[in-house]
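Worksheet: the structure to be examined is printed underneath.
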Amino acid sequence: MRLRLLIPLFLFFVSSWACAYELIMIQAVSETKRTFITRNGRRQGVITGSTGTFTAEDFSILAKAINVTGNYTQWQIINAEAILPFEKGALVTFYPAEEYLWALSPEKERRKYIKSMIRQPRKSVLFKGALTRTVSESTSEAVATSTKRGGFLGEIFYEQDFFYGFAFDVGVRYEREAIAANGVTLLTRRSLLIVDFIKYFDDFEDSIGGRLYLGLGSGYGISNTSTTGLSQSGNVAILPAVKAGLSLPFNEEWEFLFDTAFESLQTKEEQESGKIQTTTQTNVKASFALRKFF
């Protein structure tokens, strides 16, 4: 009977001790270097007057909670002779106890804990489809006319994370665009190599369930425009391409992405007469994608 009671008590003690450690970010530091703010408050069990240990690579301090709200706490260093050894944005290990964490957890274990909490760089493959629409254009060697351009495209990207939410991707695109002008319909086909640099914002992940991101990219490839009895080919360049989007995870391996983008394209195609026709256009693009991590 005693054994049945001891086992639950032991498990409760172990789980409580394991969950006590928390990796948090310093949100703000006062000019006096005596107080600072963290994003944990009454909802996380912090109350006014409680003390905690804050530990980083080479220091450990004790601080007292002097102002507590639902999600934030203002702390003051207990040692009257000390000043804060860290800056805004620093990652520290928080432990709600009066002992110094050096005595509670060896450096090796503390490093292992911090490593497990920080998001690790990952690699992924994206499968993307999009609809495009031209919002402005100009064409050399042609009289200005009102045209309507629009189409669809497919893309495949390989993406690699860097650090602090930055990533880059490299991919290929195949695009079909229809052009309606003066009762004639032309068809443009493009094949391009695309490169993007992306910044993900993790601060909104808890509130919206996903990550917002911004991207800046460029591309280069070949283009062909044709209609009945007419065909002209050449090169096409994208510079720049600016996009904003949202990624929503299904699980640890799959994500759904949606983004909108503005792209500036310049196409130089050789006509049958030998003249080079240059078309500059700005497209708006709406994309949907699936991402697979590996």
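The values are calculated or read from the model by the stated rules, or taken from the named source; none is laboratory data. Note that this is a predicted model, so its numbers are computed, not measured. Ideal geometry is used to build each Cβ from the backbone, glycine not excepted, and the neighbour counts take in all protein chains shown.
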Criterion violated by G210 - all others in (1) surrounded by fewer than 17 Cβ atoms within 10 Å (Cβ to Cβ); (2) closer than 30 Å to F163 by Cβ; (3) at pLDDT below 95 satisfied:
(1)
What is the one condition in (1) at pLDDT below 75; (2) within 30 Å of V195 (Cβ to Cβ); (3) over 24 Å from the mean Cα position of the chain (by Cα) that R119 does not satisfy?
(3)
